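Engineer: Pasting a structure below so you can have a look.
Where a number appears in this text, it was derived from the coordinates with a stated rule and is not lab data. Given the structure is predicted, the values throughout are model-derived calculations rather than measurements. Cβ placement follows ideal geometry from the backbone for every residue including glycine, while neighbour counts extend to all protein chains displayed.
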Amino acid sequence: MAANGNERLNRAGAYVRQPEGFNAFLPKALPPDPPLHIDVELQALLSHADHALGRLDGAVQILPNPDLFVLMFVRREAVLSSQIEGTQSSLRDLLRAEANIHDPDRPRDVAEVVNYVAALDHGIRALASGRLSTSLMLALHRRLMTGVRGSDLHPGEFRSDVVWIGPADASLQDATFVPPPADAVPRCIAELERFLVESDTLPAVIKAGLMHAQFETIHPFFDGNGRVGRQLIVLSLCEQGILHKPVLYLSHYLKAHRTEYYRRLQAVRDDGAWEEWLKFLVAGVAAVAVESTGTARAIVALREEIREDLLTHLGRAAASALRLSERLFDTPIVGVKQASEFLGIGYAAANRLVDRMVERDILVEVTGNARNRRFACQRYIALFDD
């Protein structure tokens, strides 16, 4: 609905004509007004998502030492979220990079995924003593963008100029979407932070969905907005106590439905279609929570299978092998030197132990080298690999 010749309004905000001749979108502060209409369909989706998230959180809580396993969930989310933005690196590329395996054919953008893992880990640690805030958003962006493609675009700072979304050759005048002018970004983010503080009565998934869409619309940075915005979803669910660990790799759903993901976000801006966006997101949360629960249960089964194998076949070496096998759930690619240092045994003893775990098909050598070998727990990695 047009208010005048220079504005096109809906409940999400207004497209406002800029002096340079393009239309930029200025979002209204959350929550939506008129208020959300939670109809029977959305209520059913919310109920399903709540139950699925509860089962996921319970499945993770019963894992022995859950913190050992969380990093793989974070790695998978990092890979998938980065792939939405066009990176080529896979989970195996990430793990091999972390293990310092020389790989000349590895995509160069793997460093972006490494940064994503570090940023999300920082976010989880920060929530232990604080809340989602503007300063945390800036910190996430700084860790995400430092030292990689886009590092010249002021990591950890709000943008100082206009940006736009559209095809690679799009200009401002024919862009699909132009976010708020740079001078409006601090106010818009301050309003979003106020919403996060004052909206504790909303269902947790609804709050996370509103926040993500609003953050994407504000587009506060020159680059990295989508990745930070997706980190904020899982951080919001953790902050609200729905998840105790960041084990929801929602980007698996968003990548599979990438076109609809962007279309639903744009419909919020164009038509104020908050409810349709939320139905899409809540359905995704439920689906991924079910899948993640299956992964958690498969981890338990694999751990027991490995423990039984080692206890049955490794005799007196079983105790050390069990300790090393637990470490594999956090660091699934290791070298003999790492094993030696972790177990506090000599290099030769660690080498013999690793060789016996290779014989049991618990470890697989992955470099093909005679020296500086690395060994992967392939069965564990396969639980997270597409």
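Engineer: What full-extension length gain, to one decimal in nm, is calculated for ASP105 and GLU304 as 0.36 nm per residue of separation minus the Cα-Cα distance?
Structural biologist: 68.1 nm
Engineer: Classify the range 315-382: rounded, prolate or oblate, from the alpha-carbon gyration tensor (a ≥ b ≥ c, eigenvalue square roots; a/c under 1.5 rounded; otherwise prolate if a/b is larger than b/c)?
Structural biologist: Rounded.
Engineer: Please state the relative contact order of the range 315-382 as a whole percent: Cα pairs under 8 Å, 6+ residues apart?
Structural biologist: Details: 66 pairs, mean separation 22.1, N = 68.
That works out to 33 percent.
Engineer: Shifting gears a bit: Ranked by Cβ crowding within 10 angstrom, fewest neighbours first, how are LEU343, LEU30 ordered?
Structural biologist: Ordered from fewest to most neighbouring Cβ atoms within 10 Å, LEU343, LEU30 come out as LEU343, LEU30.
Engineer: From the alpha carbon gyration tensor of the chain, can you work out the equivalent ellipsoid semi-axes (sqrt of 5 times each eigenvalue) and give them in Å, largest to smallest? Write out the running numbers ahead of the final one.
Structural biologist: On the way: eigenvalues 378, 108, 52 Å².
Semi-axes, largest first: 43, 23, 16 Å.
Engineer: Then there's this: If each DSSP helix of 4+ residues adds -39,500 (n - 2.57) and the sum is divided by the residues in the chain, what number results at 222 nm, nearest 500 deg cm²/dmol?
Structural biologist: The helix contribution divided over the chain gives -18500 deg cm²/dmol.
Engineer: Which order results if HIS48, HIS212, HIS313 are arranged by neighbouring Cβ count within 10 Å, fewest first?
Structural biologist: HIS313, HIS48, HIS212
Engineer: Highest GNM mean-square fluctuation, the chain, Cα pairs closer than 10 Å: which of SER292, SER129, SER199?
Structural biologist: SER129
Engineer: With θ set to phi - 60° and the Karplus curve 6.51 cos²θ - 1.76 cosθ + 1.60, what are the ³J(HN,Hα) couplings of the range 101-118 in order, to the nearest whole Hz, using x for Gly and Pro?
Structural biologist: 7, 5, 8, x, 8, 5, x, 5, 6, 4, 4, 5, 6, 4, 5, 4, 4, 5
Engineer: Can you compute 3J(HN,Hα) from phi for each residue in the range 279-292, using the Karplus curve 6.51 cos²θ - 1.76 cosθ + 1.60 with θ = phi - 60°, rounded to whole Hz and x for Gly and Pro?
Structural biologist: In residue order, the calculated couplings are 4, 4, 5, 5, 4, x, 4, 4, 4, 6, 4, 4, 5, 5 Hz.
Engineer: Now for a separate question. Please work out whether the range 205-356 counts as rounded, prolate or oblate from its C-alpha gyration tensor, where a ≥ b ≥ c are the square roots of the eigenvalues and a/c under 1.5 means rounded, while otherwise a/b larger than b/c means prolate and anything else oblate? List each step's numbers first, then the result.
Structural biologist: Working: a/c = 3.79, a/b = 2.65, b/c = 1.43.
Note, shape of the range 205-356 comes out prolate.
Engineer: Amide H of ALA12: which non-local residues (sequence gap of 5 or more, or other chain) have their own amide H closer than 5 Å, using H built in the peptide plane?
Structural biologist: Under 5 Å from the amide H of ALA12 lie the amide H atoms of GLY272, each far enough along the sequence or on another chain.
Engineer: For the range 238-250, just list the computed ³J(HN,Hα) in residue order, Karplus coefficients 6.51, -1.76 and 1.60, θ = phi - 60°, integers in Hz, with x standing in for Gly and Pro.
Structural biologist: 5, 4, 7, x, 6, 10, 8, 9, x, 10, 9, 8, 4
Engineer: Distance between Cα centroids, the range 194-236 to the range 24-89: provide it in whole Å.
Structural biologist: Their Cα centres are 11 Å away from one another.
Engineer: Volume per residue, Å³, of the convex hull around the alpha-carbon atoms of the range 27-90?
Structural biologist: About 156 Å³ per residue, rounded to a whole number.
Engineer: Who wins for biggest fluctuation among VAL163, VAL285, VAL247 in a Gaussian network model of the chain, springs between alpha carbons below 10 Å?
Structural biologist: VAL163
Engineer: While we're on this one: Looking only at ASP33, ASP169, ASP270, which one moves most when the chain is put into a Gaussian network model with springs between Cα atoms under 10 Å?
Structural biologist: ASP169
Engineer: Taking 8 Å as the Cα distance limit and 6 or more residues as the minimum spacing, I'd like the relative contact order of the range 203-342 as a percentage.
Structural biologist: Details: 75 pairs, mean separation 26.9, N = 140.
Reported as a whole number, the value is 19 percent.
Engineer: Which FRET efficiency, nearest 0.05, do ILE38 and ALA168 yield, Cβ-Cβ r, R0 56 Å?
Structural biologist: Approximately 0.90, to the nearest 0.05.
Engineer: For GLU41, GLU275, which order do you get if you count the other beta carbons within 10 Å of each Cβ and list the fewest first?
Structural biologist: GLU41, GLU275
Engineer: When you have a sec, figure out the Kirkwood radius of the range 1-151 from all distinct Cα pair distances and drop it here in Å to one decimal?
Structural biologist: The answer is 19.6 Å.
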